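Visitor: What follows is a structure written as structure tokens; I'll ask about it next.
Read-outs throughout are calculated quantities, based only on the coordinates presented, and are distinct from any laboratory measurement. Just so it is clear, the model here is predicted, and its values are computed rather than measured. Methodologically, a virtual Cβ is constructed for each residue, glycine included, from the backbone with ideal geometry; neighbour enumeration extends over all protein chains shown.
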Amino acid sequence: MFIPPNDIKKKFDTPTSDTRSKVKLKSSHLYIEGGLVKKVFGEDQNVFVVYYADRNKLMLAPISDDSFKKLHKAGQHILKDRNVKGDKVIALHEILIDNTIATEERDLSYEYQNGMGVLIVEL
């Protein structure tokens, strides 16, 4: 039986589901896709970041959220542009080294609490 190559190619080119995470660890940077950046941080160019080692959770909030800084004693980080799609990165070198967290590139699970405006990432 002969199967034309184009029919085979179509089967492999069509994704069955999008299992990629919108948050990744790449080169010791937190990589966040543009759509999620807009939803969480809006137009802010800086974010508050705090890491809780006991829970292995990184919490991020827009710089405009003063209560987050007071509640969590968070540090300020820069949201750097990654590409024209609006993807952004945040350098995590210090957090990864200080807490001996593996630095290999990987997808990260996350939770966005819309009412609170907080992005929680599991490292």
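Visitor: Taking K22 as the anchor, which aspartates and glutamates have their alpha carbon closer than 20 Å to its alpha carbon, excluding any fewer than eight residues away along the same chain?
Guide: Correct list for K22: E33, E43, D44, D81, D87, E104, E105, D107, E111, E122.
Visitor: Quick check: residue separation of D54 and M116 times 0.36 nm, minus the Cα distance between them. What number comes out in nm?
Guide: On the way: separation 62, 0.36 × 62 = 22.32 nm, distance 2.15 nm.
Taking D54 through M116 to full extension adds about 20.2 nm, to one decimal.
Visitor: Quick one: compute the contact order of the stretch 21-122, relative version, from alpha carbon pairs under 8 angstrom and 6+ residues apart, as a percent. Display every interim value, and only then the final one.
Guide: On the way: 191 pairs, mean separation 38.3, N = 102.
Relative contact order for the stretch 21-122 comes out at 38 percent.
Visitor: Report, in listed order, any pair from K24/K69; K26/K88; K39/K88; K38/K85 with a Cα-Cα distance greater than 18 Å.
Guide: Working: K24/K69 24 Å; K26/K88 12 Å; K39/K88 13 Å; K38/K85 11 Å.
The pairs that break the limit, which is 18 Å between Cα atoms, are K24/K69.
Visitor: What is the packing order of peptides 42-54, 99-111, 58-70, taking the mean over residues of other C-beta atoms within 10 Å and listing the highest first? Write down the numbers at each step before the final one.
Guide: On the way: 42-54: 15.5, 99-111: 12.2, 58-70: 18.1.
The most tightly packed comes first, giving 58-70, 42-54, 99-111.
Visitor: Convert each backbone phi in the stretch 23-33 into a coupling constant with the Karplus relation 6.51 cos²θ - 1.76 cosθ + 1.60 (shift: θ = phi - 60°), then list the ³J(HN,Hα) values in order as whole Hz, x for Gly and Pro.
Guide: Working through the residues one at a time gives 10, 9, 9, 9, 6, 6, 10, 7, 9, 10, 5 Hz.
Visitor: Pulled fully out, how much extra length does the chain show between I97 and V84, if you take 0.36 nm times their separation in residues and subtract their Cα-Cα distance?
Guide: That pair, I97 and V84, stretches by 1.7 nm at full extension.
Visitor: Starting from the eigenvalues of the Cα gyration tensor, five times each then square-rooted, give me the equivalent ellipsoid semi-axes of the stretch 21-122, largest first, whole Å. Display every interim value, and only then the final one.
Guide: Numbers: eigenvalues 66, 60, 30 Å².
That gives 18, 17, 12 Å for the three semi-axes.
Visitor: So if each residue of separation counts as 0.36 nm, and I subtract the Cα-Cα distance between E105 and K73, what length gain in nm does that give? Could the numbers behind the result be given before it?
Guide: Details: separation 32, 0.36 × 32 = 11.52 nm, distance 2.77 nm.
Length gained between E105 and K73: 8.8 nm.
Visitor: How much net charge surrounds E111 when only the other residues with a Cβ under 11 Å from the Cβ of E111 are counted, with Lys and Arg +1 and Asp and Glu -1?
Guide: 0
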